[in-house]
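The values are calculated or read from the model by the stated rules, or taken from the named source; none is laboratory data. Please read these numbers as outputs of a predicted model, since none were measured by experiment. Here the Cβ is made from the backbone with ideal geometry for all residues, glycine too, and neighbour counts use every protein chain on show. Accessible surface areas use protein heavy atoms only, side chains included; no ligands, DNA or RNA. Shrake-Rupley method; radii C 1.70, N 1.55, O 1.52, S 1.80 Å.
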Amino acid sequence: MFRTVYQSGILTVFNSASTQPLQLWSSTVAKNDETSSIEIRDDDSDIAGPVLLLQSANLQSTFISCPRREPDTLGLKLPFMSISLKNIDYLFSFEIETADDKGIVRRFRVGNYETEAHIDHDISRLPLRLEQGWNYLTFDINDMTARIYGTKHRETRRVTFNSSVCLRLVLFADRIVPEDQLPAELKLYGRIEE
């Protein structure tokens, strides 16, 4: 998708406040499960503006994935991925699929259900602890690839988020971008009490 595009600064792949937030994403909702859903909601108690709610009792059956089509890849060389998400006290995970300088496809699966890291040849399962409410996380994909596999990150191929979580933003950048230095259209703003 972005392999032939000049990549510098910030590249946003998901922004719940955009006009078509899931334009680049495929979505899968569990069948025969009335509690599973993927929906844009504007009723978050903490922030103003829409958020994407992924909700399901089964972690693996309800998810979004970018890019939309399975054979396509993102082709992102930007080494930092930042996410703005809300902990809603359910099981949740996301996965970053990358290719390294050896041509090996690796996956980093990060979940709040893991208690310790599990490293295999092509997949690393890593624990995640979230604060209550909204969290802004940044992952250094270069550093994770080097520390875990001893290779260099070449590109990010795919990103997947499994329920249950509220998402506001997913971006890639050429540097760490602190939350307070995000462009205005990407920041979280609190609700104004009337």
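Comparing PRO50, PRO21, PRO71 in a Gaussian network model of the chain where C-alpha atoms under 10 Å apart are linked, the largest mean-square fluctuation is found at PRO71. Straight-distance candidates among the lysines for linking to LYS86, with alpha-carbon spacing under 26 Å and chain neighbours fewer than 8 residues away dropped: LYS31, LYS187. Each principal axis of the Cα cloud of region 86-182 was evaluated for its coordinate range; sorted largest first, these ranges are 39, 31, 19 Å. Rounded, prolate or oblate: which one fits region 18-71, using the alpha carbon gyration tensor with axes a ≥ b ≥ c (rounded when a/c is under 1.5, else prolate when a/b beats b/c, else oblate)? Oblate. Farthest towards the positive end of the charge dipole of the chain, among the residues ILE38, VAL165, TYR6, is the Cα of TYR6, using unit charges on the Cβ of Lys, Arg, Asp and Glu.
Beyond 16 Å, the tail of the calculated P(r) for region 14-120 holds 68 percent of the Cα pairs. Mean projection of the Cα convex hull over all viewing directions, computed for the chain: 11.7 nm².
With protein chains left intact and a 1.4 Å probe, residues in region 47-96 average 37 Å² of accessible area per residue. Each Lys and Arg Cβ is given +1 and each Asp and Glu Cβ -1; about its Cα centre, the chain then shows a dipole of about 820 debye. For the chain, averaging the sequence separation of C-alpha pairs within contact (under 8 Å, six or more residues apart) and dividing by the residue count gives a relative contact order of 31 percent. In loop segments of region 103-132 as defined by DSSP, the trypsin sites (Lys or Arg not before Pro) with at most 16 further C-beta atoms inside 10 Å of their C-beta are ARG129.
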